[in-house]
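First comes the structure, then the notes that go with it.
The values are calculated or read from the model by the stated rules, or taken from the named source; none is laboratory data. The model shown is predicted, which means the values in this text are computed figures rather than measured ones. Heads up, the Cβs are rebuilt from the backbone with ideal geometry, glycines too, and the neighbour counts pull from every protein chain shown. Remember, those area values only see protein heavy atoms, side chains included, never the ligands or the DNA or RNA. Shrake-Rupley method; radii C 1.70, N 1.55, O 1.52, S 1.80 Å.
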Amino acid sequence: MDETESLDALANILTAVAESPYDISLHAKHVKLAQSLEGMETEALSAMEMMIQFVAAGDDVWVPLLNFKEQSVDLETEGGVQELLELYARAEGDYLCAFEHLNFLVERHGLYVSGEQLRPEALGAVFTTSWTRDAIHQVVQKGLGHLTESHKLWDVQRDWEMEMLEAASKSEKPGLVERVKTLHLNRLGQPHPSIEDTFQSYSSFTTNYLPPQDYESLMVSASKIRGQSIRNLDRRERLETSLANTNGSLEAYQQYIGYERRAKHPDIFVTRGIYERAISAAAQRRFSGEPGAEEALRMFWTSYCDALRILEVGVDNELEVYRRAVRSVPGSGEVWARYIRFLVSRPVDALRAILDRFFRSTLTNHRKSDIDELAPVVLARGGYEKRRAEGDNEDQDALPTLIGVLESGIEMARQASKSVDPKLRMEKFLVSIYENAGVASAALDVWAAATKHSKSSYLAWLNYTDTLIKQKQIEEARQTFIDIHTKQLDWSEAIWEAWIAFEHLHGSVEEIEFCLDKVESAQYQTNMRRAKEAAKAYQDMQAAAEAQASVPTASALIPDATALGSVEAPMEVDQPAPERGTKRGPEEDEGPSEPHKKARIEQKPLPLKRDRENSTVFVADLPQGVSEEDLRNLFKDCGNVREVKITHLSTSIVATVEFYDRDSVLPALTKDKKRLHDQEISVHLAWKSTLYYGTIFDVRWPSKKFKNTRRFCYVQFTSPDAAQNSLELHGRELESNLPLNVYISNPERKKERTDQDANEKEVYVAGLSRFTTKVDLEKLFSTYGPVKDVRIALEDNGHARGFAFIEFEEAKDAQSALAANNHELKKRRIAVTLADPRVRARHKSEIGLSRVAEARNRSVRIKNLPPATQEGLLQQVLEKIAPVKRVEVFLDKQEAVVELENPADAGRLLLRTEPIVFGGNTLDLSEDVPSARQPGASHQSENALFKPRRLGPSKPKAGLGFKKSTPAIRSADATAHVAPASSSGGKGQDDFRKMLKK
C-alpha cells in the first residue's frame, strides 16, 4: 500500500468512525492503521484519543497515551500531576493494570525523599509521604482481586511501607508498626498463591518490631486467618490451573465465573476479581479481532452487573460498574437495559433527560443493527414510562412518550432487518398499551404492519387474526386464514390448527368442512415440498461425506539405481514372529465349578481397545458392487468381525476387515484366492502392507501426546509386494543429511525409534508437597539444564498428587538433575530418579522406604474389571503400556492390584490420558493401594478385599511387597484347599506367558 492509498484508507476509516463513533472495531482499525504508517505518530495519538472519548480501551491504547501525557505535562506542578493521575484513573476504569500507576507513584516519591531532587513547592501536598501512602493504597486496592497477579502490587506496597517504617523517627514508628501489621493481616485474609510468603513476611515483621512475648499468640491468630484463605484458594486452585493451562481462554473464565455464581457463600472479593480479569482478557482479545470475544465480553458484563445486584455491594459500586460497562460494550442492549432499570429504581436527578440523550445518541448510532440488543433497551425505557403514566402523580406526557418510544423502537428494528423480532416483544407491549387506552384500531394496525413486514412469521399472523376476532371482525379473520393457509410460513401447522379452532367456534358445518379440505390439501403440498427439500439435503450431505471420506492415492517414483550410487543396501528387516496357534491354553480350560467362583457367562463382543495391527486383514482385488455384508459373510466363520471398511481407489477396490480377536486372522488368511462375485480376491496381513511404495492406501503418524520427539510414520499399501519394493528407498535423502530408514512394520518387533533415548532425558520426582506447582519444579530443575516439559500429577481439587516427570533437552542434564535428590521443596524432601523403565528399584529406597512401602509406591489399583478376568490376559494388556511385575485379581470385587517395575512406570500409567479398555470395560486406575495387614491381625473379615494370602486357607502368601513362598501343608487333605496362583485356571501366569511364546 503506497502513501496515497494509505491516506485514502485513513480518510475512509475516519469517515466511518464519525458515522458510528461507538463501533469499537472501527476504532481498533483506525488505531492500527495509523500506527502502521511511518511518520504518522501524531495521527496515531489522535486516533487513540478519539477512541477513549467514546469507548473503553486497553493497554495497547492507554500505555502510549500515558507515556505521551507524562512527557508533555509539567510534573513539577500540582495541576500537571493531577492531570496525569486523572488519566491513570480513567485508564484503570477501562482495563489497564494498575502496576504502571503504582510504579509512577513510588518512583516519583522516592525521587523527592532520597534528596536526589527537591520537591517543588508548587506541588503542594502532592508526593508527600502521607499523600503518597493514600494514593498507593487506592491503587493497590483496585488490583487485589486478581488472585495470581495481585502479589505484584501488594509486594510493592509492603516494601514501600517497610522503607518508610525503617526511616521513621521514634515517635512515628508505633503508628507505622500498627499500619504494617494491619496491612499484613488484611492480606492474609485474602486468598492468593503467595500466601506462604506473606505469612513469612509477617513473621519477620513480628520478630523485628513487636514484643517477643507476643510472638506466639500473634502467629497463632495469623495462622487462623491464613487457614481460611488457604481453603478458599484450594477450592479455586483447579480453576486457576485451568486458566493457566489454556492461556486464559474465555471458556475457562466462563467456567470460573459459573463456579463463583453457584457458590453457596460467595466471596465478594474473589467474585469481583474474576469478573475484572475475565473482562480485561475478553477486551484484549476483542481489540485483536478474535471471533467471539465481543459476545463473551457482553456476557461477562451482564453477569457482573447481576452478581453485584444480588450481592448488594452498594449503590455507588453498582453505579460505577454500570458506567464502565456501557462504555466497554455500548452495543449491549442487555447491559443498557439493566442500567436503565438501575437508574429508574434510584432517585437520580434529571432521569428523563438522561434517557432522552441516550436514545438520541447511543441507541440510534449503534444498536439499531441488532434486534436482540435493541428490544431490551426499548422495553426497559417503555417500562419506565409506563410506570410513570400509572403512578400516583400521573404524568400527562408519559403515555405519548411511551407510545413514541415503542413506535420508534419498532421502526428501528424494521430498518435493521427484514424479519421482525421472533418474540414480537415490542409489538406486544405497544398493542397492550393501545388496548388499555381503548384505541383498538391502532392495535390492529400494529399487527397488520408486522405481517406486512414479515410475511412468513406465523406468530405475527396469529396475533393479527386474534385481534380481528377480539374486535368481532369474523369475516375478515376467515378471509385472512383462507389467504395464508397455503403460504410458506415458518410454522404452518399452527395456522392450520388456529383456523380449525376458529371455524369450530364461529363457522357453520359447510365452513368447517371447507376448512378441513383446504387444510388437508395444504398439508399434502407442504409435506411434498419438505420431502423434496429433505432429499436434496440428504444428497448434499452424502456428497460431502463421500468427498471427505475419499482417500487420496499416490504412487512414488522408483528411484534410479544409479542415482542412489553409494547408498548402502537396505537393512535386513526382522522376519515375522512365529504365528501362535489357536489351541486354548490350560488356563482357558473350563474346570469343575467351585462354590466361591462366579459362573462363566458367555458375553457378546464388546468394543475393545483395538489391537489394529494384529487383528486386521487386507482384502484387495474386490469386484465392483461389493458390499460390507458380502465381506462379513465371507469371514463370518473365521471369528467375530469388528469392522469392515471398503475404500474405492482410482484403479481398484480394497477393504480392511478387523476382528475382535487376533486369533481370527489366521483362519481369515485361508480366504486368499477365493472367489467373490466370480472374481478372485487377495487376502493378506494388514501390517505386511505397511511401508512406502506402490498404491498408497493410508498414512498414519504416531501420537505425540506424551512424546513430541517421534519422527516416523507408517505408510500402508494395497499389497505386500508394493511394501517390499519400497525398501529400495532405504537410505535415500529427502533433505540434505537426512536419509530415510525404511523397514517393514512388524508389530511383533520392538522398533528402533528415533526417540529411543527419550527416557534417559527424563527424571521421576517423588515425595512432592501437595502445594507444589509446575512453576516450582521448573524453577528448581532449570538450574541443571534447559527443561523441555514438566508433567505433574494432580488430584481432582488441583493439588499435586506427590510425583511428577521432568523432561530435559539433553540426557546429561537429566543425569545432573539427580543431584536434586533429597532436596527440600515446600518443606518436603523429594526423591529424584531417572524415569527409565529398565531401571529396577532397590529393596531400600534412597528416601528410606521399606520393601513393602516401596512395593506400594510402584503399584496401581484397578477397578471396574469385567467378570471372570484372567490375570494373564490383564497383564498382557498392561504390558503394552508399561512393564508389569505382578498382577493380583480379586474376582469378588472385580478389582486388581498391579505391581510395576518401578514408581516411574506407575506414574506413567496413572498419568495416561487415554482410557484403557479391557473386556469391554473402561478400567479405573488409582494409586489407592491397600496396605498390607500387620502381623497378628488375624481377625480380618472373610470377605475383606485385600486379605493376606497366609490368613486364607487356600492361597500362599503372595501379596504386594512379599516374596512368593509355598506354605507348609499341615495335613494330607490340605492340598484340596490350596487355590491356584491364578484366578482362572490350574496354572500360574508364568505358565500362561510361556504358552504365548510357543
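Within the stretch 318-345, the set of residues being closer than 12 Å to Y275 by Cβ and either open to solvent by 50 Å² or more (accessible area, probe 1.4 Å) or basic (K, R) (or both) comprises just one member, R324. Flag set for L153, criterion: of a type in the set (A, V, I, L, M), open to solvent by less than 20 Å² (accessible area, probe 1.4 Å) and in the same structural domain as E240 (by the TED database). Residue count for the stretch 403-417, restricted to those that are in contact (Cβ under 8 Å) with a residue 24 or more places away in the chain, over 15 Å from S454 (Cα atoms) and not small (G, A, S): 3.
Scan I13, I52 and give me the residue that is buried (at least 17 other Cβ atoms within 10 Å of the Cβ), in contact (Cβ under 8 Å) with a residue 12 or more places away in the chain and in contact with a His (Cβ under 6 Å, 6 or more places away or on another chain).
Working: I52 fails: in contact with a His (Cβ under 6 Å, 6 or more places away or on another chain).
Step by step, each of I13, I52 is checked, and only I13 is buried (at least 17 other Cβ atoms within 10 Å of the Cβ), in contact (Cβ under 8 Å) with a residue 12 or more places away in the chain and in contact with a His (Cβ under 6 Å, 6 or more places away or on another chain).
Looking across the stretch 13-48, the residues that are of a type in the set (A, V, I, L, M) and within 15 Å of P64 (Cα to Cα) come down to A28, V31, A34, M40, A44, L45, A47, M48.
Restricting the first member to the stretch 197-213 and to residues that are over 13 Å from R187 (Cα atoms), and the second to residues that are hydrophobic (A, V, I, L, M, F, W, C) and open to solvent by 30 Å² or more (accessible area, probe 1.4 Å), the beta-carbon pairs closer than 7 Å and six or more apart or on different chains are T206/L218; L210/L218. As a summary of the residue check, H366 satisfies the conditions (1) assigned to a helix (DSSP H, G or I); (2) modelled with pLDDT under 85; (3) touching a helix residue (DSSP H, G or I) at 6+ places or on another chain (Cβ under 8 Å); (4) not basic (K, R) except for the one numbered (3). For H146, the requirement of being in contact with a Pro (Cβ under 8 Å, 6 or more places away or on another chain), at pLDDT below 85 and open to solvent by 40 Å² or more (accessible area, probe 1.4 Å) is not met. Going residue by residue through the stretch 59-70, is there one that turns out to be touching a residue at least 12 places away in the same chain (Cβ under 8 Å), in a helix (DSSP H, G or I), more than 23 Å from A281 (Cβ to Cβ) and open to solvent by less than 60 Å² (accessible area, probe 1.4 Å)? Within the stretch 59-70, one or more residues are touching a residue at least 12 places away in the same chain (Cβ under 8 Å), in a helix (DSSP H, G or I), more than 23 Å from A281 (Cβ to Cβ) and open to solvent by less than 60 Å² (accessible area, probe 1.4 Å).
Taking residues in the stretch 239-257 that are under 19 Å from D267 (Cα atoms), and partners anywhere that are among the hydroxyl-bearing types (S, T, Y) and buried (at least 20 other Cβ atoms within 10 Å of the Cβ), the pairs with Cβ atoms closer than 6 Å and at least 6 places apart or on different chains are L239/Y256.
One residue alone among A501, A494 is in contact (Cβ under 8 Å) with a residue 24 or more places away in the chain, small (G, A, S), farther than 30 Å from L649 by Cα and in a helix (DSSP H, G or I), and that residue is A494.
Let's see how each residue does on (1) within 47 Å of the chain's Cα centre (by Cα); (2) closer than 23 Å to K455 by Cα:
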site	(1), (2)
F481	no, yes
H485	no, yes
L489	yes, yes
E493	yes, yes
W496	yes, yes
I500	no, yes
H506	no, no
E511	no, no
K518	no, yes
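V270 satisfies every condition listed in (1) closer than 19 Å to P191 by Cα; (2) outside any helix (DSSP H, G or I) except (2). Whenever a residue of the stretch 304-327 is more than 10 Å from Y339 (Cα to Cα) and basic (K, R), its partners that are open to solvent by less than 30 Å² (accessible area, probe 1.4 Å) and assigned to a helix (DSSP H, G or I), lying with C-beta atoms within less than 9 angstrom and at least six residues away or across chains, give the pairs R309/E318; R309/F342; R324/G93; R324/D94; R324/I279; R324/W301; R327/G93; R327/D94. Of the residues making up the stretch 771-796, those that are assigned to a helix (DSSP H, G or I) and touching a Lys or Arg at 6+ places or on another chain (Cβ under 9 Å) number 2.
Restricting attention to the stretch 430-453, the residues that are of a type outside the set (V, I, T), open to solvent by less than 40 Å² (accessible area, probe 1.4 Å) and in contact with a helix residue (DSSP H, G or I) (Cβ under 6 Å, 6 or more places away or on another chain) total 7. When S203, S171, S150 are screened for being more than 19 Å from Y215 (Cβ to Cβ), of a type in the set (S, T, Y) and within 41 Å of the chain's Cα centre (by Cα), only S150 passes.
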